[in-house]
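Just below is one structure, and these are the notes that go with it.
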Amino acid sequence: MDILSGIILVIHMIGWAIVLGGALTSMREPRIAKGVTHGALTALVAGILLVGLVEMGGGEVNNIKIAVKLVVALVITAMAFWGDKNQEKVSRGFLGGLAGLTVLNIAVAVLWR
Ligand code: HEM
């Protein structure tokens with residue numbers, strides 16, 4: 001992996017860390033913190049860029065794994081944006097779902113080899 005893909009991978013992981021951290025730290029007073037939508041969008045765009053960069057560099061990505069991650073990531077991003085617009089409807093369970101799906105995708109990313 002060259003330096004550019006490496007940097008994008010770091011951005012990708014920081015973005016998801018913001019989503020997970022933001023969801024967990026808002027549990028006491030349930031809401032979607034502003035950073036969560038930004039983190040999700042940044043991470044999503046970085047992930048898509050990363051697929052292109054890895055393939056351009058002659059590497060291979062597991063397309064089925066990426067498809068699974070993409071579907072889950074789109075659900076996470078949609079939930080974050082919906083919650084941002086409907087803050088009064090955001091509950092602990094909703095934030096738990098957001099955090100759980102993010103953890104699921106981290107597990108898919110790391111354990112599916
Ligand atoms: C909640 C959603 C996501 C999480 C938590 C996540 C997490 C991660 C993590 C932890 C890694 C590093 C693992 C490793 O290199 O072994 C990684 C790598 C990567 N991710 Fe994601 N990701 C998500 C969504 C996506 C999406 C939507 C895409 C693209 C459409 C994507 C594309 C990639 C690529 C290309 C890599 C490089 C390594 C590989 O081929 O697996 N990710 N992701």
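General remarks:
- Here the chain yields Rg over Rh of 1.01, to two decimals, using C-alpha coordinates and the Kirkwood radius.
- Cα centroid of the stretch 21-50 to Cα centroid of the stretch 64-106, whole Å: 9
- Heavy-atom accessible area per residue - the chain, 1.4 Å, Å²: 59
- In percent, rounded to a whole number, the relative contact order of the stretch 3-111 is 36, using alpha-carbon pairs under 8 Å and six or more apart.
- Within the accessible area of the chain (1.4 Å probe), percent carbon and sulfur: 72
- Spin-label model, Q87 to L24: label points 7 Å out along the Cα-to-beta-carbon direction sit 2.4 nm apart.
- ³J(HN,Hα), Karplus 6.51/-1.76/1.60, whole Hz, each residue of the stretch 85-99, x for Gly, Pro: 7, 10, 3, 5, 9, 6, 10, 4, x, 4, 5, x, x, 4, 5
- Vicinal HN-Hα couplings computed from phi for the stretch 41-54 (Karplus, 6.51 cos²θ - 1.76 cosθ + 1.60; Hz; Gly/Pro x): 5, 4, 5, 5, 4, 4, x, 5, 4, 4, 4, x, 5, 5
- Ignoring lysines fewer than eight residues from K34 along the same chain, the ones with Cα atoms less than 28 angstrom from its Cα are K69, K85, K89.
The values are calculated or read from the model by the stated rules, or taken from the named source; none is laboratory data. Note that this is a predicted model, so its numbers are computed, not measured. Here Cβ is always computed from backbone atoms with ideal geometry, including for glycine, and neighbour counts include all displayed protein chains. Ligands, DNA and RNA are stripped out before the accessible areas are found, and what is left, the full protein with its side chains, is counted by its heavy atoms. Shrake-Rupley method; radii C 1.70, N 1.55, O 1.52, S 1.80 Å.
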